[in-house]
């Protein structure tokens, strides 16, 4: 490595020396990035997801049959989530459904006249069992 | 670093056969703006590298795409870094191509006999924009979906053949899973190959014709 005259307050350096050092610096950054690729490729362990139980509603308040929309809050490790669910009470017991349409993620509405879930975004339709009956999804 | 290459060179003799590549003459009185093209190329290399890494975890399916991106960002080690590098290099790549184009224009480096190089450069720019457009859809979130919807709808306005063009680009009447898959294929295979060919031509012409003297 070339020596540098550093007796002055502002260290004067030849341009060539400076550029060589600069390029060496960038090269070492590159090596770091390349090394990070190996870390990246190594598969990481997925974090164990804990099952959260959330209070929704008293069983007495539910109708004998039908669909009921409930809103609820729950707290995860970092944030408080507010969400909705549709409770379908039928011969199969009580089932809870996510309100998210499987097409592009809008919340679906329950139409009591037609007895089906309808998504307002693109007209996706689901029956009481949550199966798709019409539309995009 | 130099010492490392000295070690390799003393054993394999790498420098001498490449002397024409390593010791190019450039005119005097150039300034750092002549480096903009090379900077853009550096971003291209970073994009290629991070893109390869991202392809290990990304899934181009309608159902899995968004979740795979969330997994890359949150669960894969340094996934956030690789994804972030890719995203930012893409923007900076285009910015530096524009700056490079301005420099070439202001230094009049497009005049004969260099017109062909300018054309190759413009073509490469168009392909790079296409890469950006196809890559934008891949996260399959709301922003990606609607940007693609709007962008491909513009194609529909082409007279006479607009509807057929948009059907071909989307792989259907609207943006759907088929769009995602063909955009992914173009983004990682066809467009990078095209850019590589164009850039090879671009550099080759510069090597042959030399760098024009600064104004």
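When the residues of segment A:108-123 are filtered to those that are within 22 Å of residue A:90 (Cα to Cα) and in contact (Cβ under 8 Å) with a residue 12 or more places away in the chain, the one that is surrounded by the fewest Cβ atoms within 10 Å (Cβ to Cβ) is A:112.
Number of residues in segment B:9-40 that are at pLDDT 85 or above, within 14 Å of chain A (Cβ to nearest Cβ) and assigned to a helix (DSSP H, G or I) equals 4. Going through (1) in contact (Cβ under 8 Å) with a residue 12 or more places away in the chain; (2) on the phi < 0 side of the Ramachandran plot one by one, residue B:29 falls short only on (2). Of the residues making up segment B:7-22, none is surrounded by fewer than 17 Cβ atoms within 10 Å (Cβ to Cβ), touching a residue at least 60 places away in the same chain (Cβ under 8 Å) and more than 16 Å from the chain's Cα centre (by Cα). Of everything listed in (1) modelled with pLDDT under 80; (2) surrounded by 11 or more Cβ atoms within 10 Å (Cβ to Cβ); (3) in contact with a strand residue (DSSP E or B) (Cβ under 6 Å, 6 or more places away or on another chain), the single unmet condition for residue A:82 is (2).
Anything in segment B:66-84 that is under 21 Å from the mean Cα position of the chain (by Cα) and either free of Cβ contacts under 8 Å to residues at least 12 places away in the same chain or closer than 17 Å to residue A:45 by Cβ (or both)? List them, or say none. Hits for segment B:66-84 are B:79, B:80, B:81, B:84. Residue count for segment B:76-113 satisfying the condition of being in a helix (DSSP H, G or I) and within 14 Å of chain A (Cβ to nearest Cβ): 10.
Criterion applied to A:50, A:114, A:45, A:129 was being assigned to a loop (DSSP other than H, G, I, E, B), under 28 Å from residue B:73 (Cα atoms) and either modelled with pLDDT of 85 or more or more than 14 Å from every other protein chain (Cβ to nearest Cβ) (or both), and the one residue passing it is A:50.
Could you list, in sequence order, the residues of segment B:152-185 that are part of a helix (DSSP H, G or I), surrounded by fewer than 18 Cβ atoms within 10 Å (Cβ to Cβ) and in contact with a helix residue (DSSP H, G or I) (Cβ under 6 Å, 6 or more places away or on another chain)? Across segment B:152-185, the qualifying residues are B:155, B:165.
In segment B:115-151, what residues are assigned to a loop (DSSP other than H, G, I, E, B), surrounded by 17 or more Cβ atoms within 10 Å (Cβ to Cβ) and more than 17 Å from the chain's Cα centre (by Cα)? Within segment B:115-151, B:139, B:140 qualify. Residues in segment B:52-66 that are part of a helix (DSSP H, G or I) and within 12 Å of chain A (Cβ to nearest Cβ) were compared, and the one that is nearest to residue A:38 (Cα to Cα) is B:53.
Reported count of residues in segment A:1-42, each being within 14 Å of chain B (Cβ to nearest Cβ) and either surrounded by 10 or more Cβ atoms within 10 Å (Cβ to Cβ) or at pLDDT 80 or above (or both), is 26.
The values are calculated or read from the model by the stated rules, or taken from the named source; none is laboratory data. These figures come from a predicted structure and were not determined experimentally. Glycine also receives a Cβ, built like all others from the backbone with ideal geometry; neighbour counts cover every protein chain displayed.
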